[in-house]
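Peer 1: Dropping a structure here in structure tokens format, bear with me for questions.
The values are calculated or read from the model by the stated rules, or taken from the named source; none is laboratory data. Being a predicted model, the structure only gives us computed values, none of them experimental. Cβ coordinates were reconstructed from backbone atoms using ideal geometry, including for glycine residues, and neighbour counts include every protein chain displayed.
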């Protein structure tokens with residue numbers, strides 16, 4: 001297992017850098033990796049060459065580079081030859097550091113609690129430290145190359161940067177308010193600010209989720225065998241709840257850290273120090289196996305606990321995202337709110353001063369994948385969970401992919417299918433503020449619609465629509481265990497935890513949770529029906545047609561009848577047609593909403609839509625097509 005590098009030193013000169021503990025540690029990491037690769041060739045005809053190379057590499061130490069930097073006179077003869085050999089080796093380490101290592105730069109800042117320093121000031125200090133380290137590494141490399149006579153010719157600087165994968169500010173874990181049964185977890189320093197390198201693509205062992213995250217009958221967290229020095233801890237605010245995430249430093253799991261940082265907002269420090277976190281999530285525990293994969297409600301300590309074991313087949317970003325959203329949803333159900341597996345957007349609709357016609361002025365994403373509905377004075381309000389989006393690139397245009405560049409954390413770019421990126425898509429203020437829910441739609445991704453037929457079906461009764469929400473039918477893309485092109489049934493689009501199987505039979509592990517969910521469903525649906533009757537809400541289906549081209553029941557004749565002459569283009573043209581119909585629905589809803597308010601002089605109304613659906617039902621793809629029509633930025 002390749003180690004990660006944690007940098008805690010404060011260096012300001014090349015000599016200080018080369019004398020630092022971090023440099024010695026990284027040199028050792030690179031040497032071990034290099035020797036490991038060489039040993040794979042020991043049984044070839046190059047055995048003698050390999051043994052001599054290993055012997056040489058083992059002899060290299062930091063002092064070789066310190067002496068090159070501190071040399072009083074220009075190097076020559078054997079000294080210059082040896083210096084060149086050493087610098088060539090360390091230049092390989094430099095490029096390995098930039099492209100294949102995993103580095104965390106850490107700044108301890110307990111003063112944020114003790115002296116009340118502003119959180120933004122801490123972020124600035126973390127970012128500045130990361131910038132200075134990058135500049136110092138590049139400067140040190142340049143000096144070493146010049147001293148060894150390797151710095152001649154064209155200097156290649158533009159685009160070269162050496163930022164750590166993640167630069168973080170931490171506080172002592174002892175400040176975190178955890179129950180005594182989790183005392184060892186209290187010894188892990190807690191990340192409260194971060195500056196991460198974007199535009200980075202990681203490769204993980206797995207490329208899809210194969211194992212469900214179900215309720216357990218035992219607590220999977222083993223406090224006695226938990227080794228604090230092997231973990232990083234990050235407190236995430238997911239909806240109304242604070243989940244403290246512990247990630248093992250194993251390569252394959254630690255790479256999930258920057259993706260999560262690009263997806264969820266940090267918890268406020270007071271929410272984990274002055275009160276107890278709502279949940280604990282351990283990712284990559286080496287002392288666990290499959291029987292520990294899942295979540296447990298520790299009622300005695302009033303905390304929800306989840307764990308993913310440290311197995312190769314669980315090294316996938318989805319095992320970080322989905323379990324924490326599951327904890328959010330369980331807490332939702334326990335508190336009487338309705339978890340919704342959906343995309344949601346708040347549209348700002350204005351009315352033209354001359355024609356009084358509606359136009360969409362702006363849009364704000366409230367949820368990319370998950371949110372919750374609450375009833376406040378009998379009005380349903382929607383709240384989101386993520387400021388980022390976990391995007392499957394299979395269905396995006398090259399233009400959309402280009403727009404993500406520079407902000408993304410990517411995974412398994414060259415996997416062929418299910419390549420993913422996490423990109424920021426909205427602000428914390430938007431997901432944490434409730435918006436009145438105007439339209440609730442289930443996303444059907446496989447039924448073909450004839451040209452001219454409206455893809456938005458809101459003329460059905462709420463009870464008829466409810467059957468579609470309950471069945472949760474979609475054609476799968478193959479990112480889970482369902483075969484690509486097959487219909488998959490998941491109750492309420494699987495608001496994880498999965499409550500019922502494909503035949504709507506209650507899962508024994510979640511019987512209590514399902515009973516509570518059904519009570520919540522009844523409460524909310526009665527409210528929704530009343531609002532539909534009053535003209536204050538619309539419920540129905542949205543047909544994205546995203547997977548209609550691969551759906552096994554889509555015949556060539558039916559595709560042609562519905563205006564498609566290429567199966568491959570259905571996933572692009574289908575959501576585009578749906579997007580145009582969605583825009584019409586939004587404008588019509590805005591007109592009706594203003595009419596209900598009884599004031600035609602109102603120049604702006606909000607329309608919030610939640611579209612229920614699992615992966616590849618068209619949530620993001622429809623949003624991309626709408627963005628193409630409504631985008632106000634020049635690209």
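Peer 1: Out of the residues in segment 415-435 that are farther than 20 Å from residue 210 by Cα and part of a strand (DSSP E or B), which is farthest from the chain's Cα centre (by Cα)?
Peer 2: 435
Peer 1: Could you run through segment 25-58 and say how many residues are touching a helix residue (DSSP H, G or I) at 6+ places or on another chain (Cβ under 8 Å), touching a residue at least 24 places away in the same chain (Cβ under 8 Å) and surrounded by 14 or more Cβ atoms within 10 Å (Cβ to Cβ)?
Peer 2: Residues that pass the stated criteria total 7.
Quick grid of which residues meet (1) in contact with a helix residue (DSSP H, G or I) (Cβ under 8 Å, 6 or more places away or on another chain); (2) surrounded by 16 or more Cβ atoms within 10 Å (Cβ to Cβ):
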residue: 176; (1), (2): yes, yes
residue: 180; (1), (2): no, no
residue: 190; (1), (2): yes, yes
residue: 206; (1), (2): yes, yes
residue: 230; (1), (2): no, yes
residue: 238; (1), (2): yes, yes
residue: 251; (1), (2): no, yes
residue: 255; (1), (2): no, yes
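Peer 1: A follow-up question, please. Is there a residue being part of a strand (DSSP E or B) and modelled with pLDDT of 95 or more anywhere in segment 316-326?
Peer 2: Taking segment 316-326 first, the residues part of a strand (DSSP E or B) are none.
Within segment 316-326, none of the residues are part of a strand (DSSP E or B) and modelled with pLDDT of 95 or more.
Peer 1: Just to be sure, is residue 280 crowded, with 23+ Cβ neighbours inside 10 Å, within 24 Å of residue 225 (Cβ to Cβ), under 20 Å from the mean Cα position of the chain (by Cα) and in contact (Cβ under 8 Å) with a residue 40 or more places away in the chain?
Peer 2: yes
Peer 1: Has segment 433-448 got at least one residue that is in contact with a helix residue (DSSP H, G or I) (Cβ under 9 Å, 6 or more places away or on another chain) and either surrounded by fewer than 15 Cβ atoms within 10 Å (Cβ to Cβ) or without any contact (Cβ under 8 Å) to a residue 40 or more places away in the chain (or both)?
Peer 2: Looking for residues that are in contact with a helix residue (DSSP H, G or I) (Cβ under 9 Å, 6 or more places away or on another chain) and either surrounded by fewer than 15 Cβ atoms within 10 Å (Cβ to Cβ) or without any contact (Cβ under 8 Å) to a residue 40 or more places away in the chain (or both), one finds none in segment 433-448, hence no.
Peer 1: Further, regarding this structure: Any idea which residue in segment 86-114 is nearest to residue 200 (Cα to Cα), counting only those that are in a helix (DSSP H, G or I) and free of Cβ contacts under 8 Å to residues at least 24 places away in the same chain? Write out each step before concluding.
Peer 2: First pass over segment 86-114, keeping only residues in a helix (DSSP H, G or I): 86-99, 111-114.
Keeping just the survivors that are free of Cβ contacts under 8 Å to residues at least 24 places away in the same chain gives 95, 99, 111, 114.
Details: 95: 14, 99: 8, 111: 32, 114: 35 Å.
Per the criteria, the residue is 99.
Peer 1: Within segment 175-182, identify whether any single residue is out of contact with any strand residue (DSSP E or B) (no Cβ under 9 Å at 6 or more places or on another chain) and at pLDDT 95 or above, and answer yes or no.
Peer 2: yes
Peer 1: Considering every residue within segment 89-96, establish whether at least one is within 30 Å of residue 122 (Cβ to Cβ) and buried (at least 18 other Cβ atoms within 10 Å of the Cβ).
Peer 2: Yes, because at least one residue in segment 89-96 is within 30 Å of residue 122 (Cβ to Cβ) and buried (at least 18 other Cβ atoms within 10 Å of the Cβ).
Peer 1: Going by the conditions given, is residue 234 part of a loop (DSSP other than H, G, I, E, B) and outside the structural domain of residue 99 (by TED's automatic domain parsing)? First the steps, then the outcome.
Peer 2: Working: part of a loop (DSSP other than H, G, I, E, B): no; outside the structural domain of residue 99 (by TED's automatic domain parsing): yes.
So residue 234 does not fit the description; no.
Peer 1: Here is a follow-up. Is it the case that segment 287-294 has a residue that's assigned to a strand (DSSP E or B), in contact with a strand residue (DSSP E or B) (Cβ under 7 Å, 6 or more places away or on another chain) and either in the same structural domain as residue 497 (by TED's automatic domain parsing) or touching a residue at least 40 places away in the same chain (Cβ under 8 Å) (or both)?
Peer 2: Looking through segment 287-294, at least one residue is assigned to a strand (DSSP E or B), in contact with a strand residue (DSSP E or B) (Cβ under 7 Å, 6 or more places away or on another chain) and either in the same structural domain as residue 497 (by TED's automatic domain parsing) or touching a residue at least 40 places away in the same chain (Cβ under 8 Å) (or both).
Here is a yes/no grid of residues against (1) in contact (Cβ under 8 Å) with a residue 40 or more places away in the chain; (2) under 26 Å from residue 626 (Cα atoms); (3) more than 16 Å from the chain's Cα centre (by Cα); (4) in a loop (DSSP other than H, G, I, E, B):
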{"position": "305", "(1), (2), (3), (4)": "yes, no, yes, no"}
{"position": "344", "(1), (2), (3), (4)": "yes, yes, yes, no"}
{"position": "361", "(1), (2), (3), (4)": "yes, yes, yes, no"}
{"position": "365", "(1), (2), (3), (4)": "yes, yes, no, no"}
{"position": "383", "(1), (2), (3), (4)": "yes, yes, yes, no"}
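Peer 1: Restricting to segment 359-386, name every residue that is surrounded by fewer than 21 Cβ atoms within 10 Å (Cβ to Cβ) and either farther than 20 Å from residue 425 by Cα or not assigned by TED's automatic domain parsing to the domain that holds residue 595 (or both).
Peer 2: Selection gives 359, 374, 375, 376, 377, 378, 379, 381.
Peer 1: How many residues are in contact (Cβ under 8 Å) with a residue 40 or more places away in the chain and over 37 Å from the mean Cα position of the chain (by Cα) if we restrict to segment 555-573?
Peer 2: Selection size over segment 555-573: 2.
Peer 1: Could you tell me which of the residues 608, 617 is under 22 Å from residue 369 (Cβ atoms), in a strand (DSSP E or B) and either under 29 Å from the mean Cα position of the chain (by Cα) or outside the structural domain of residue 484 (by TED's automatic domain parsing) (or both)? Even if it seems obvious, please write down each step before you answer.
Peer 2: Values: 617 fails: in a strand (DSSP E or B).
608 is the lone residue from the list that is under 22 Å from residue 369 (Cβ atoms), in a strand (DSSP E or B) and either under 29 Å from the mean Cα position of the chain (by Cα) or outside the structural domain of residue 484 (by TED's automatic domain parsing) (or both).
Peer 1: Is it fair to say residue 334 is surrounded by 16 or more Cβ atoms within 10 Å (Cβ to Cβ), in contact (Cβ under 8 Å) with a residue 12 or more places away in the chain and outside any strand (DSSP E or B)?
Peer 2: In short, no.
Peer 1: Being in a helix (DSSP H, G or I), over 20 Å from residue 425 (Cα atoms), in the same structural domain as residue 455 (by TED's automatic domain parsing) and out of contact with any strand residue (DSSP E or B) (no Cβ under 8 Å at 6 or more places or on another chain), is that true of even one residue in segment 623-631?
Peer 2: Scanning segment 623-631, I find no residue that is in a helix (DSSP H, G or I), over 20 Å from residue 425 (Cα atoms), in the same structural domain as residue 455 (by TED's automatic domain parsing) and out of contact with any strand residue (DSSP E or B) (no Cβ under 8 Å at 6 or more places or on another chain), so the answer is no.
Peer 1: Which residues, taken from segment 237-260, are under 22 Å from residue 332 (Cβ atoms) and outside any loop (DSSP other than H, G, I, E, B)?
Peer 2: Residues satisfying the conditions are 237, 238, 241, 242, 243, 244, 245, 260.
Peer 1: Does segment 505-528 contain at least one residue that is assigned by TED's automatic domain parsing to the domain that holds residue 448, more than 26 Å from residue 328 (Cβ to Cβ) and either more than 28 Å from the chain's Cα centre (by Cα) or modelled with pLDDT under 95 (or both)?
Peer 2: No, segment 505-528 contains no residue that is assigned by TED's automatic domain parsing to the domain that holds residue 448, more than 26 Å from residue 328 (Cβ to Cβ) and either more than 28 Å from the chain's Cα centre (by Cα) or modelled with pLDDT under 95 (or both).
Peer 1: If you check every pair at least six apart or on different chains, which have Cβ atoms under 6 Å apart with a residue in segment 577-599 that is assigned by TED's automatic domain parsing to the domain that holds residue 542 and within 25 Å of residue 449 (Cα to Cα) first and a residue that is modelled with pLDDT under 95 and in a helix (DSSP H, G or I) second?
Peer 2: If the second residue must be modelled with pLDDT under 95 and in a helix (DSSP H, G or I), the pairs left are 578/622; 579/622; 579/625; 579/626.
Peer 1: OK, next. How about segment 60-75: which of its residues are crowded, with 17+ Cβ neighbours inside 10 Å and not in a helix (DSSP H, G or I)?
Peer 2: The answer is 60, 75.
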